[in-house]
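> Would you mind keeping the following structure in view while I ask a few things?
No lab work stands behind these numbers, since they all come straight from the coordinates. None of these values were measured; they are calculated from a predicted model. Quick reminder, even Gly has a Cβ in these numbers, built from the backbone with ideal geometry, and neighbours come from all protein chains shown.
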Amino acid sequence: MPPAAQARLLLEMFVPARPFLKWAGGKGQLLPELSSRLPAHFRRYHEPFVGGGAFFFHLANLGRLRHGAVLSDFNDELIGCYTVVRDEVEALIEALQQHAPHFNDPAYFLEIRSWDRQPGFHQRSPVEKAARTIFLNRTCYNGLYRLNNKGQFNAPFGYYKNPLICDPVNTRAVSAALKDVELLVGDFASVLDRTRSGDFVYFDPPYVPVSATASFTHYTGQSFGDNEQRRLTEVFARLVERGCHVMLSNSHTELARSLYEHHAIAYRDIVLASRKINCDGKKRGVVEELIVCSYVPGSAVAGGLTGDGRPKTGAEALTIDD
Ligand SMILES: C[S@@+](CC[C@H](N)C(=O)[O-])C[C@H]1O[C@@H](n2cnc3c(N)ncnc32)[C@H](O)[C@@H]1O
C-alpha cells in the first residue's frame, strides 16, 4: 500500500468520529451523563431520533457497538446525508471542497439554498444534495434547520468568519463509524418492527417545551406535541415488555415527569445542561434535563424494578400504577 494511503488508514483507525452536522438539541455536552448510565451489556443499538448523532458517535468511538446499530429519523434529508457519508465519502468530500471557497458569499448561499425551489431538484444526485445540506448547515444562521410550509429550506445566511465546510479527516472517520450501520427514514414507532430482547434503544425526542415560546420542536416541518410525547411513552413501555433496555432524555418539565413516573422505569435522574432558552438561539441558560432508564444503569437486567426492588418481568414492567 502506498505510504499516503497507509497514513490515511492509520488516521481513520485512531481519529474519533464527531457529528458532521450542527443539530438543535445535540447531545454533545450530556455525553458523560448518558455514558455513565449505559446498560452493562446490550445487543443491537437503536437511535430513532438520531439528529446529529452525538451519542451514537460516542458509543462507536468507545467500541460499544459490536452487535450493530440502526439509526433513524423522520428527516429524509438528514438520513440522505448519513447515507452519502457512509457510501460515497470521497465524492462528498470533493463536492464540499467545491462549495468551501464560497463560505462568505451570501449570494452563493442563496443560490445553493434555492435548489429545492427549482424543478430539477429531485434529479440531483444524492452526493450533490448531501453536500448542499452540509454547506447550508455550516453557513446558515446558527446551523438552524428550518423549512417553510412548502418544505423548502429557509434559514437565513449566518455570516460566519471561518466556518469549516469540509473536514476530510472527520468525514472519513464518520464514514468508517457508519460502515455497517443500518440507516432508515421513519417515525420513531417503527423501532418496534426491528428490536428484540437485549437490544438497547436510546430516545432523544424533540423536547417538551420548558415554556410556550421557548423551544424548537419543528425539525421536519411537523411539530412534536404532547400527543407525540404520549405516543412515545407507549412505545417505550412496549419495548420494555419485549425485554429491550431503553434510555430516554427530555427536558425536566411537569409533562415529561408525569409521563415517565410509572411506565416501566427503574431509574430516573435530573442533570444540568446549558441550552438555548429561546428560538433566536443566542440566549443560553442552565436547564434541568430528565434522564430515565428502564434498567438500573450498569445492570444487565431489562425492564424496571418492582416495589420491593425485584427486577420486573415483561408483563410487570408494563403495569401503570395510576
Ligand atoms: C432532539 S433532536 C435529536 C438530537 C440528537 N440526539 C443529537 O445529538 O443531535 C430530535 C430529532 O427527532 C427527529 N424527529 C422529529 N419527529 C420525529 C418522529 N416522529 N419520528 C422520528 N424522528 C423524529 C427530528 O428530525 C430531530 O432530528
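> Full-extension gain between Ser190 and Asn162, please, as 0.36 nm times their residue separation minus the C-alpha to C-alpha distance. Walk me through the numbers before you get to the answer.
Working: separation 28, 0.36 × 28 = 10.08 nm, distance 3.98 nm.
Roughly 6.1 nm would be gained on extension.
> While we're here: Measure off 7 Å from each Cα along the Cα-to-Cβ vector at Asn61 and Lys150, then give the distance between these two points in nanometres to one decimal.
Taking the two extended label points, one gets 4.1 nm.
> If I stretch the segment between Ile270 and Glu111 completely, what's the gain in nm (0.36 nm per residue apart, minus their alpha carbon distance), one decimal?
Going from the current span to full extension adds 52.8 nm.
> I need the phi-derived Karplus couplings for region 148-159: 6.51 cos²θ - 1.76 cosθ + 1.60, θ = phi - 60°, integer Hz, Gly and Pro marked x.
7, 6, 9, x, 9, 5, 9, 5, x, 5, x, 6
> Could you state the orientation-averaged shadow area of the convex hull built on the Cα atoms of region 87-169, in nm² to one decimal?
Its Cα hull, projected and averaged over all orientations, spans 5.6 nm².
> Here's another thing I want to ask about it. Evaluate the charge dipole of region 87-169 about its Cα centre and quote only its size in Debye, nearest 20, assuming +1 on the Cβ of each Lys and Arg and -1 on the Cβ of each Asp and Glu.
480 debye
> Taking 0.36 nm per residue of separation and subtracting the Cα-Cα distance, what length does fully extending Glu254 through Ala91 add?
Working: separation 163, 0.36 × 163 = 58.68 nm, distance 4.73 nm.
Extra length from Glu254 to Ala91 when fully extended: 53.9 nm.
> Any idea how far the Cα center of region 12-47 sits from the one of region 177-212, in Å?
Rounded to whole Å, the Cα centres lie 13 Å apart.
> Treating the beta-carbon of each Lys and Arg as +1 and of each Asp and Glu as -1, no other charges, what is the dipole magnitude of region 7-142 about its Cα centre, to the nearest 20 debye?
The dipole magnitude comes to about 500 debye.
> Here's another thing I want to ask about it. Output wanted: per-residue J couplings in Hz (rounded whole) for region 227-233, from phi through Karplus 6.51 cos²θ - 1.76 cosθ + 1.60, θ = phi - 60°, x for Gly and Pro.
Calculated HN-Hα couplings, in order: 5, 5, 4, 5, 4, 5, 4 Hz.
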